[in-house]
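Here the structure is laid out as structure tokens; the discussion comes afterwards.
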Amino acid sequence: MSKPIGPYTPAKRIGDWVVCSGQIALVDGTIVGDTVGAQVTQLLANLSELLGSHQATLDDVVKTTVFLVSMDDYADMNAAYIAAFGDHRPTRSAVAVAALPAGALVEVEAWAYTGGN
């Protein structure tokens, strides 16, 4: 798991909730992938690993926020997002931003609930 690139906690468990800071496609301090699709694939793998360290999975994610440098990449992001989440569909917001850390094209934050129904 990559170290955070800023003064923040990557994830925090509060009771049945795991709140994850925005994830980018970092591996060993370097952005992986030169397309939004490739970066989403990597950052969701990072998110899955981070959730696992708190006894949660992508299936527990109930809300995400996607930050895109360009809304022109929305379809590419959706394709990689669906590939990772499968039929599970967390609630989601997607917003355009001027820039992201480390030159990332996309960032995703997530909230996961592990308490069952």
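The values are calculated or read from the model by the stated rules, or taken from the named source; none is laboratory data. Here the structure is a predicted model, which is why all the values come from computation and not from measurement. Methodologically, a virtual Cβ is constructed for each residue, glycine included, from the backbone with ideal geometry; neighbour enumeration extends over all protein chains shown.
Looking only at residues that are within 15 Å of the chain's Cα centre (by Cα) and not β-branched (Val, Ile, Thr) in region 103-112, which one is nearest to Val32 (Cα to Cα)?
Checking each candidate, the answer is Ala104.
Condition (residue is β-branched (Val, Ile, Thr) and surrounded by fewer than 14 Cβ atoms within 10 Å (Cβ to Cβ)) applied to region 39-51: is it met by at least one residue?
Looking for residues that are β-branched (Val, Ile, Thr) and surrounded by fewer than 14 Cβ atoms within 10 Å (Cβ to Cβ), one finds none in region 39-51, hence no.
Considering only residues that are among the hydroxyl-bearing types (Ser, Thr, Tyr) and over 17 Å from Thr30 (Cα atoms), look in region 1-16 and name the one that is modelled with the highest pLDDT.
Result: Thr9.
Looking only at region 78-90, count every residue that is farther than 19 Å from Thr35 by Cβ and under 13 Å from the mean Cα position of the chain (by Cα) and tell me the total. So that I can check it myself, show each step before the final result.
Just the residues of region 78-90 that are farther than 19 Å from Thr35 by Cβ, to begin with: 86-90.
Restricting the remaining residues to those that are under 13 Å from the mean Cα position of the chain (by Cα) gives 90.
The number of residues fulfilling the criteria is 1.
If we keep just the residues of region 68-117 that are surrounded by 13 or more Cβ atoms within 10 Å (Cβ to Cβ), of a type outside the set (A, V, I, L, M) and touching a strand residue (DSSP E or B) at 6+ places or on another chain (Cβ under 6 Å), which is farthest from Leu51 (Cα to Cα)?
Per the criteria, the residue is Arg92.
If I filter region 58-67 for residues that are in contact with a helix residue (DSSP H, G or I) (Cβ under 8 Å, 6 or more places away or on another chain), under 16 Å from Thr35 (Cα atoms) and surrounded by fewer than 13 Cβ atoms within 10 Å (Cβ to Cβ), do I get at least one hit?
No - not one qualifying residue is present in region 58-67.
Every residue in region 61-117 that is of a type in the set (Val, Ile, Thr) and closer than 15 Å to Asn46 by Cβ, please.
First pass over region 61-117, keeping only residues of a type in the set (Val, Ile, Thr): 61-62, 64-66, 69, 82, 91, 95, 97, 106, 108, 114.
The answer is Val61, Thr64, Val66, Val106, Val108.
As an exercise: evaluate Gly29 against (1) closer than 18 Å to Val106 by Cα; (2) at pLDDT 95 or above and give the number of the one condition it does not meet.
Failing condition for Gly29: (2).
Hey, can you tell me all the residues within region 10-49 that are under 15 Å from the mean Cα position of the chain (by Cα), closer than 23 Å to Asp59 by Cβ and of a type outside the set (A, V, I, L, M, F, W, C)?
Answer for region 10-49, where residues must be under 15 Å from the mean Cα position of the chain (by Cα), closer than 23 Å to Asp59 by Cβ and of a type outside the set (A, V, I, L, M, F, W, C): Pro10, Lys12, Ser21, Gly22, Gln23, Gly37, Gln39, Thr41, Gln42, Asn46, Ser48, Glu49.
Is it true that Val36 is at pLDDT 95 or above and under 14 Å from Glu107 (Cβ atoms)?
Yes.
In region 1-28, how many residues are more than 13 Å from Gln42 (Cβ to Cβ), in a loop (DSSP other than H, G, I, E, B) and either of a type outside the set (Asp, Glu) or touching a Leu at 6+ places or on another chain (Cβ under 8 Å) (or both)?
Matching residues across region 1-28 total 9.
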